[in-house]
Amino acid sequence: MLLYLMIFPLLLSITAVSQPEFSQENAVNILRILSEEIGPRPMGSPAEQRALDFSIQKFFEYGCDTAYLLPFYSTERVNTTSGTAVGIKRGLTKQIIVIGGHIDTSSPDVPGTNDNASGCAVVFELARMFAPRRMNSTLVFCLFGGEEQGMAGSRYFINTFPEIDSVAL
């Protein structure tokens, strides 16, 4: 959460137009969908896949130019079907800011409300607020799968995202 609080003022400073306000109501609704309707989302589970599909849909709905699943099929520990939901809002420059959280849960018994549906809700709200705007930097919104299993999703993202060299933050 501290990282989100550090990034938020930076995002405000890189845009010239006023932003819609953060919607606590929308964030709580997203939190409820992820932790109650979809429920526990262990890596590779059908519930994690539903959450990733939901994320891609929301990124498009909120104004990202591109949204897709960056799948991965194995980690150092196990074979899986997991991935990272990626939403991209192209900016005026090639400089990239990545805003992310993880969408998986630690086990089938944990709904993941605090770890990390709450972080996902913040990522969605930032996408809703900033994707419709003209920005200097390109914003890449990520919801990583497999983070409870050795940060598999973010490691895969770093190793395979084609524009990783343009990431400034």
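Brief remarks follow.
- Considering residues of segment 99-116 that are buried (at least 20 other Cβ atoms within 10 Å of the Cβ) and part of a loop (DSSP other than H, G, I, E, B) only, the residue nearest to the chain's Cα centre (by Cα): Ile103
- Some residue of segment 122-133 being assigned to a loop (DSSP other than H, G, I, E, B) and open to solvent by 10 Å² or more (accessible area, probe 1.4 Å): yes
- In the set Gly150, Gly119, only one residue is among the small types (Gly, Ala, Ser) and either under 13 Å from the mean Cα position of the chain (by Cα) or open to solvent by less than 10 Å² (accessible area, probe 1.4 Å) (or both); that residue is Gly119.
- A count restricted to segment 53-81 and to residues that are hydroxyl-bearing (Ser, Thr, Tyr) and part of a strand (DSSP E or B) stands at 6.
- In segment 134-147, of all residues being assigned to a loop (DSSP other than H, G, I, E, B) and not acidic (Asp, Glu), the one that is surrounded by the fewest Cβ atoms within 10 Å (Cβ to Cβ) corresponds to Arg134.
- Any hit, segment 77-98, residues being open to solvent by less than 10 Å² (accessible area, probe 1.4 Å), more than 10 Å from the chain's Cα centre (by Cα), over 25 Å from Asn26 (Cα atoms) and small (Gly, Ala, Ser): yes
- Conditions (1) at pLDDT 95 or above; (2) surrounded by fewer than 16 Cβ atoms within 10 Å (Cβ to Cβ); number of the one not met by Ser55: (2)
Here is a yes/no grid of residues against (1) at pLDDT below 95; (2) surrounded by fewer than 17 Cβ atoms within 10 Å (Cβ to Cβ); (3) over 21 Å from Val86 (Cα atoms):
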{"site": "Met1", "(1), (2), (3)": "yes, yes, no"}
{"site": "Leu10", "(1), (2), (3)": "yes, yes, no"}
{"site": "Ser18", "(1), (2), (3)": "yes, yes, yes"}
{"site": "Leu34", "(1), (2), (3)": "no, no, no"}
{"site": "Pro40", "(1), (2), (3)": "no, no, no"}
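The values are calculated or read from the model by the stated rules, or taken from the named source; none is laboratory data. Only a predicted model underlies this, so the values are computations on that prediction, with no experimental measurement involved. When we count neighbours, we look across all protein chains shown, and the Cβ atoms used for this are built from the backbone with ideal geometry, even at glycine. Ligands, DNA and RNA are stripped out before the accessible areas are found, and what is left, the full protein with its side chains, is counted by its heavy atoms. Shrake-Rupley method; radii C 1.70, N 1.55, O 1.52, S 1.80 Å.
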